[in-house]
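Bear in mind these aren't lab numbers, they're just calculated from the coordinates by the rules spelled out. Note that the structure is predicted; figures quoted are calculated from it, not measured. For neighbour counting, all protein chains shown are included, and Cβ atoms are generated from backbone atoms with ideal geometry for every residue, glycine included.
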Amino acid sequence: MFTSNKPIKDWSDRHVWIIGASEGIGLALGQALKLQQARLSVSARNENRLKDEFSGKARILPMDVSSTENVAHVMDLLIQEGTVPDTVFWLPAVYHPGGVLSLDPEATLKRLNINLVSAFNLFPRIVRYWTKHPLTNKQYHWSWFSSLAAYRGLPNASDYGASRSAISHLAQSSHLELKRYNIDVSLISPGFVNTRLTQKNEFKMPLLMSPERAAQLTIKGLKSGKFETHFPKRLSILFKFLNIIPIDLYLKIMRLLK
Ligand SMILES: NC(=O)c1ccc[n+]([C@@H]2O[C@H](COP(=O)([O-])OP(=O)(O)OC[C@H]3O[C@@H](n4cnc5c(N)ncnc54)[C@H](OP(=O)(O)O)[C@@H]3O)[C@@H](O)[C@H]2O)c1
């Protein structure tokens, strides 16, 4: 089987930065990686939530990823201290259910700013630093959280689905560009996970899993060295199949299901 990244089997020599660690999958991932002895830094907007969950266990770096000043300040601080992490998980996302006809342009732009534009706020700063400070004993690693919703258009996915597709594309292009600098890039594509994000959905979500399970599957995926970790398999394999059939057939099937 082909692999694209160096498998991460030991977290005890990693300094992991989880962006979006105050809730949901990021929170569960932080707790799981702490048990695996990773050195942790955690970020999100809600400082109190970060303190409640990670005081004494992680470096707490409150940060709004959509604020250029805020991100630049945190990054400058880490560079000055020489504490820039070697591994980053990128999870920030907000979601508002509804179709394209119900979109409020102003609110949509704000969501897209967090879900997509902000990625370009921190990512270039970190990778530029990483390329100037190469590691000899291991690879740097950036892991993007996207979604199975990224593969093909889904009804009512609107701005959220579009942002996930863009993140998946960015994951692939950045992987290709950064490999030569000893920087690994991976992509995590979950199905439905029970967090405040999906609690807004009124429809029945197939194979809904806990954030703790999603965190375990993420860690297992990085251990395999594969570029993409997708789960749960019963759903993700169906999505992968739907992704390779002709687009007009896909659209016909989706219209019939609607
Ligand atoms: N839940 C699912 O079913 C599911 C499925 C597929 C993919 N995913 C992906 O998994 C990732 C995590 O989702 P989740 O379900 O765990 O969501 P969540 O429970 O709502 O957690 C999102 C995290 O992002 C942080 N965040 C949001 N806006 C931010 C900002 N402007 N600056 C800094 N941090 C910010 C939140 O913290 P603050 O509010 O404190 O800032 C929170 O810690 C997302 O990328 C999502 O697309 C989730």
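Numerical summary
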read-out	value
Chain lengthening between residue 47 and residue 101 when straightened (0.36 nm per residue, less Cα-Cα)	15.9 nm
Rounded to whole Hz, the Karplus (6.51, -1.76, 1.60) HN-Hα couplings of region 17-30, x for glycine and proline	10, 9, 9, x, 9, 7, 8, x, 5, x, 5, 5, 5, x
Assigned charges on the beta-carbon of Lys, Arg, Asp, Glu; the chain dipole about Cα centre (debye)	860
For peptides 146-154, 66-74, sequence by mean Cβ density within 10 Å, most packed first	146-154, 66-74
Separation in nanometres of the label points that stand 7 Å from Cα toward Cβ, at residue 138 and residue 240	2.7
Whole-number D in µm² s⁻¹ for region 1-79, Kirkwood Cα-pair radius fed into Stokes-Einstein, 25 °C, 0.890 mPa s	184
Simple spin-label estimate for residue 1 and residue 248 in nanometres, 7 Å along Cα-Cβ	3.7
Gain upon complete extension [residue 110, residue 79; 0.36 nm per residue less C-alpha separation]	8.3 nm
Average silhouette area of region 15-257, convex hull of alpha-carbon atoms, in square nanometres	13.8
Förster-model FRET efficiency, 41 Å R0, residue 210 and residue 72, C-beta, rounded to 0.05	0.70
Angle between the chain longest axis and helix 158-178 axis [Cα atoms, degrees, rounded to 10]	50
Nearest-ten-degree value, helix 119-132 long axis tilted from longest Cα axis of the chain	40
Equivalent ellipsoid, region 104-183 (semi-axes from 5 times Cα gyration tensor eigenvalues, Å)	29, 14, 8
23 Å tail of the calculated P(r), region 50-188, as % of Cα pairs	42
